[in-house]
Amino acid sequence: MLRRILLGAVILLSITTNAQQNDAKMNAFINNLMSKMTVDEKIGQLNLPTPGGGIATGAVVNTDVETKIREGKVGGMFGVIGVDNIRRVQELAITTSRLKIPLFFGSDVIHGYKTTWPIPLGLSCSWDIPMIERSARVAANEATADGLCWVFSPMVDIARDPRWGRVAEGSGEDTYLGSQISAAMVRGYQGKNLAADTTAMACVKHFALYGAAEGGRDYNTVDMSRLAMYEYYLPPYKAAIDAGSGSVMTSFNVIDGIPATGNKWLLTDLLRKQWSFKGFVVTDYTAINEMVEHGMGDLQAVSALALNAGTDMDMVGEGFLTTLKKSLQQGKVTQKQIDDACRRILEAKYKLGLFDDPYRYCNPTRAKNEVMSADKRAASRYFGAHAAVLLKNSNQTLPLKRSGTIALIGPLANNKSNMLGTWAVSGDAQTSIPVFEGMKNVGGNGVTVLYSKGANITDDTTLAKKVNVFGEKVDVGPGTPEQLLNDAVATANRADVIVAVVGEASEMSGEAASRTDITIPQSQKNLLEALAKIGKPLVIVVMSGRPLILNRETEIASSLLQVWHPGHEAGNAIADVLFGDYNPSGKLTMSFPRDVGQIPVYYNHKNTGRPQSTTSEWDKFRSNYLDVPNSPLYPFGYGLSYTNFSYGDIKLSKNQMRSTEKITASVTVTNTGNYDGEEVVQLYIVDPVASIAQPVKKLKGFQKIFLKKGESRQVNFTIGKEELSFYNSDLKWIVEPGDFEVQIGTNSNEVKEAAFKLVK
Ligand code: NOJ
């Protein structure tokens, strides 16, 4: 035993010594380089331009980037895609700039790079942390093969408002799950060695609280208590930092009245001092300049504000490039602040191995072998199937039989342009598999699949125009809405079962794509009503970038399957689920409202002093609505399987514990249905009495298990101090003695319960 401890200590010591030696080497290298740099060259390192070209997310793109590179006025680039292009730009920096400092190259790699898979919200519904880590690993592999070394991901903004289009890019409403996913993605992108030519530097975003924009309107004001920040919104960013994320991107919103990019409390006191973040902070697109509109002063003033706050790199806006020297001369910023920021950028380049070999990510052979390779498409198909959430399945309509005739109907049923979903900037949607093709591939010869479009995604031409800004996502016609509908009804009449693929175009969610009406567009509602009238089994497959309101769809569907925007292998992945080659196991990570007026509706809300009655849906002088219940249509954690799982009672290892001890909560889960399948067993903790009013429950653990039909398994959760703690008024993470409740179940609403006491 002693030998083992000693050996461990020696290993730890040698790891520490190695790390120290590496740091010393890096510091010496950077000190030497910086001693040769002019102020202009140092400020140049803080500049991150984009040449534009279809992927700009703001009105401004940079001009004359080539001259700036020659003059040493560029630190990195984003929006340059392709191994040859990146090599060319790197060559320019290395051969023409005075100090030959390499550039780094970043991009939005959000749900895959060129090979694309389900939007992050969909991926989160897998609750499969190793799989999500693998997805980031695969993305890094492909992106680095094509010249990139920096990915603007993970996006970890907790969001409770499905009107906000960017819920598509995150992992939903829960802090615990969101933090696990955040850390997993950083591990996946960065691996163990950032300098390896297959790993990329992560950039956790958007720091911070961007998901809490008022009214779900993008870029809007955020105003929340420190308690809410610490308890619910900040942990996923912290998880990414703890996992070693090399960079952080600021958000567009204000925090306590100060835009994140100029917020010293956020970027210095919290991020650097409390969280010990050692990497660099980059702004979001023109976020420094946008502080002028926020009312924080002119460009010089806001650029100085950003640097003083702790921002290191200016994305696109060139406020740093054009004003920092003047601010230095006027004493508004210090040389040390510029040096610190420059050092952090150079350190990132050093860690990425770019000083050893500026072309290490520019290997055309890797590009040829890795980009859109068969294994990546296979991974995309696997991820696609695992993101699907089965919301309803009456009469076991699903899985479909591989015989008879299926009428595949809907504007998204034979569509390529919407399959990748929002923010798939490098993916080519035309190489995606539409559902029609997937159904034929997977269904095989025994089944006949007929297709009819049935409706346009929307008949609202004003909306269509806005959705089509990046290319045609909503195509209208051919044929009038009536002709489309009639053809669909005629097609459906010839079939045994109808599968309708409906929902949102990919650009109806994502950045600057907020909606106040989050139902399926009217044209498709009309189609669904007509199909329901036929009286045949109706499977509704919903593609969307956010939770939609699906009341009517729930009523009329025999089966309802939420598939998000599934990515390149959409058709195959969906068909794998529909025909039962993969038994769906997804569980919602955002509550699905019944009505937009309920928003925000989320599972871990606090109680009120007048909670809704447990016996009736409405009571005077209680916290409820006159017209809809408080509950969501589908709660957090909800999702069905083709099989059934039953839960035994919870067994606790003891009924009382001290805060230094642990309790094991066990439950036996049995697959009682007719298929093998996976279940996400969820653990919630309730703290009924505390010095800070606690939410009605909090997710504190989950396990995804596979059970063969008829199989039972005991699932154990360990509960200790960490699971029982919360932030108090002094923002201290504390635990208070008293009664606690443990809930274990299949979703946040259907749980078994047990109780125990925490004693001093
Ligand atoms: C703006 C978005 O908010 C951010 O997520 C993205 O990384 C940048 N644009 C760069 O495209």
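The values are calculated or read from the model by the stated rules, or taken from the named source; none is laboratory data. Keep in mind the model is a prediction, meaning the values are calculated, not measured. We place every Cβ from the backbone using ideal geometry, glycine too, and count neighbours over all the protein chains shown. The area values use the complete protein model at the heavy-atom level, side chains included, leaving out ligands, DNA and RNA. Shrake-Rupley method; radii C 1.70, N 1.55, O 1.52, S 1.80 Å.
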With 231, 214 as the choices, which residue is away from the ligand (no atom under 16 Å from the Cβ), open to solvent by 10 Å² or more (accessible area, probe 1.4 Å), under 30 Å from residue 520 (Cα atoms) and more than 17 Å from the chain's Cα centre (by Cα)?
214
Please state which of the following conditions residue 295 fails to meet, knowing it meets all the rest: (1) over 23 Å from residue 101 (Cβ atoms); (2) crowded, with 21+ Cβ neighbours inside 10 Å.
(2)
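If you scan the stretch 149-166, which residues turn out to be within 13 Å of the ligand (Cβ to nearest atom) and in contact with a strand residue (DSSP E or B) (Cβ under 7 Å, 6 or more places away or on another chain)?
Residues of the stretch 149-166 within 13 Å of the ligand (Cβ to nearest atom): 150-157, 164-166.
Of everything in the stretch 149-166, those that are within 13 Å of the ligand (Cβ to nearest atom) and in contact with a strand residue (DSSP E or B) (Cβ under 7 Å, 6 or more places away or on another chain) turn out to be 150, 151, 152, 153, 154, 155, 156, 157.
Among 260, 240, which is within 16 Å of the ligand (Cβ to nearest atom), farther than 15 Å from residue 158 by Cα and open to solvent by less than 10 Å² (accessible area, probe 1.4 Å)?
260
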Is at least one residue of the stretch 65-73 small (Gly, Ala, Ser), within 16 Å of the ligand (Cβ to nearest atom), within 21 Å of residue 347 (Cα to Cα) and in a loop (DSSP other than H, G, I, E, B)?
no
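Go through the residues of the stretch 106-122 one by one and say whether even a single one is polar (S, T, N, Q), within 14 Å of the ligand (Cβ to nearest atom), in contact (Cβ under 8 Å) with a residue 60 or more places away in the chain and assigned to a strand (DSSP E or B).
Yes, that holds for at least one residue.
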Reported set for the stretch 715-745 where residues are within 16 Å of residue 680 (Cβ to Cβ) and open to solvent by 30 Å² or more (accessible area, probe 1.4 Å) is 716
Please specify each residue of the stretch 548-583 satisfying the condition of being open to solvent by 10 Å² or more (accessible area, probe 1.4 Å) and among the hydroxyl-bearing types (Ser, Thr, Tyr).
554, 558, 582
Taking residue 221, is it over 23 Å from residue 602 (Cα atoms), hydroxyl-bearing (Ser, Thr, Tyr) and open to solvent by 10 Å² or more (accessible area, probe 1.4 Å)?
no
Within the stretch 243-253, can you find the residues that are open to solvent by 10 Å² or more (accessible area, probe 1.4 Å) and within 11 Å of the ligand (Cβ to nearest atom)?
252
Looking only at the stretch 273-315, count how many residues are within 24 Å of the chain's Cα centre (by Cα) and either of a type in the set (Lys, Arg) or in a helix (DSSP H, G or I) (or both).
2
Output for Cβ contacts, cut-off 9 Å, separation at least six or different chains, first residue aliphatic (A, V, I, L, M) in the stretch 515-536, second open to solvent by 40 Å² or more (accessible area, probe 1.4 Å) and in a loop (DSSP other than H, G, I, E, B), reads 518/163
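Taking the condition in a helix (DSSP H, G or I) and either open to solvent by 10 Å² or more (accessible area, probe 1.4 Å) or closer than 21 Å to residue 117 by Cα (or both), does residue 519 pass? Break it down stepwise before answering.
On the way: in a helix (DSSP H, G or I): no; either open to solvent by 10 Å² or more (accessible area, probe 1.4 Å) or closer than 21 Å to residue 117 by Cα (or both): yes.
Taking the combined requirement at face value, the residue does not satisfy it.
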Checking residue 545 against (1) within 16 Å of the ligand (Cβ to nearest atom); (2) open to solvent by 10 Å² or more (accessible area, probe 1.4 Å), which single condition isn't satisfied?
(2)
Subset of the stretch 428-450 [open to solvent by less than 20 Å² (accessible area, probe 1.4 Å) and small (Gly, Ala, Ser)]
429, 432, 438, 443
Among (1) crowded, with 24+ Cβ neighbours inside 10 Å; (2) outside the structural domain of residue 448 (by TED's automatic domain parsing), where does residue 608 come up short?
(1)
Within the stretch 665-699, how many residues turn out to be without any contact (Cβ under 8 Å) to a residue 60 or more places away in the chain, open to solvent by less than 30 Å² (accessible area, probe 1.4 Å) and assigned to a loop (DSSP other than H, G, I, E, B)?
2
Here the qualifying pairs (Cβ atoms under 7 Å; residues six or more apart or on different chains; first in the stretch 550-571 and closer than 20 Å to residue 437 by Cα and in contact (Cβ under 8 Å) with a residue 40 or more places away in the chain; second buried (at least 24 other Cβ atoms within 10 Å of the Cβ) and among the basic types (Lys, Arg)) come out as 569/381
Within the stretch 485-514, residues being in contact with a Lys or Arg (Cβ under 8 Å, 6 or more places away or on another chain), outside any loop (DSSP other than H, G, I, E, B) and touching a residue at least 40 places away in the same chain (Cβ under 8 Å) number 7
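For (1) in a helix (DSSP H, G or I); (2) over 28 Å from the mean Cα position of the chain (by Cα), each residue gets a yes or a no:
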position: 317; (1), (2): no, no
position: 322; (1), (2): yes, yes
position: 333; (1), (2): no, yes
position: 336; (1), (2): yes, yes
position: 339; (1), (2): yes, yes
position: 346; (1), (2): yes, yes
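Please verify whether residue 106 is under 27 Å from the mean Cα position of the chain (by Cα), open to solvent by less than 20 Å² (accessible area, probe 1.4 Å) and at pLDDT 95 or above, treating the condition exactly as stated.
Numbers: under 27 Å from the mean Cα position of the chain (by Cα): yes; open to solvent by less than 20 Å² (accessible area, probe 1.4 Å): yes; at pLDDT 95 or above: yes.
Yes; evaluated as a whole, the condition is true for this residue.
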List every residue pair whose Cβ atoms sit under 6 Å apart, with the two residues 6 or more apart in sequence or on different chains, where the first one lies in the stretch 169-190 and is more than 16 Å from the ligand (Cβ to nearest atom) and the second, anywhere, is of a type in the set (Asp, Glu).
184/133; 187/133; 188/133
Considering every residue within the stretch 170-179, establish whether at least one is within 14 Å of the chain's Cα centre (by Cα), open to solvent by 10 Å² or more (accessible area, probe 1.4 Å), among the charged types (D, E, K, R) and at negative phi.
no
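Given the options 366, 402, 381, name the one that is at pLDDT 95 or above, open to solvent by 10 Å² or more (accessible area, probe 1.4 Å) and under 20 Å from the mean Cα position of the chain (by Cα). Give the derivation first.
On the way: 366 fails: under 20 Å from the mean Cα position of the chain (by Cα); 402 fails: under 20 Å from the mean Cα position of the chain (by Cα).
So the residue among 366, 402, 381 that is at pLDDT 95 or above, open to solvent by 10 Å² or more (accessible area, probe 1.4 Å) and under 20 Å from the mean Cα position of the chain (by Cα) is 381.
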If you go through the stretch 249-262 one residue at a time, how many are out of contact with any Lys or Arg (no Cβ under 7 Å at 6 or more places or on another chain) and under 16 Å from residue 341 (Cα atoms)?
3
Subset of the stretch 593-604 [within 26 Å of residue 703 (Cα to Cα) and either open to solvent by 10 Å² or more (accessible area, probe 1.4 Å) or under 17 Å from the mean Cα position of the chain (by Cα) (or both)]
601, 602, 603
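State whether the residues of the stretch 644-654 include one that is part of a loop (DSSP other than H, G, I, E, B) and under 31 Å from the mean Cα position of the chain (by Cα).
Among the residues of the stretch 644-654, at least one is part of a loop (DSSP other than H, G, I, E, B) and under 31 Å from the mean Cα position of the chain (by Cα), which makes the answer yes.
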Pick out the one residue from 89, 80 that is within 13 Å of the ligand (Cβ to nearest atom) and of a type in the set (Val, Ile, Thr).
80
Selection within the stretch 35-72 - open to solvent by 60 Å² or more (accessible area, probe 1.4 Å), at pLDDT 95 or above and β-branched (Val, Ile, Thr)
38
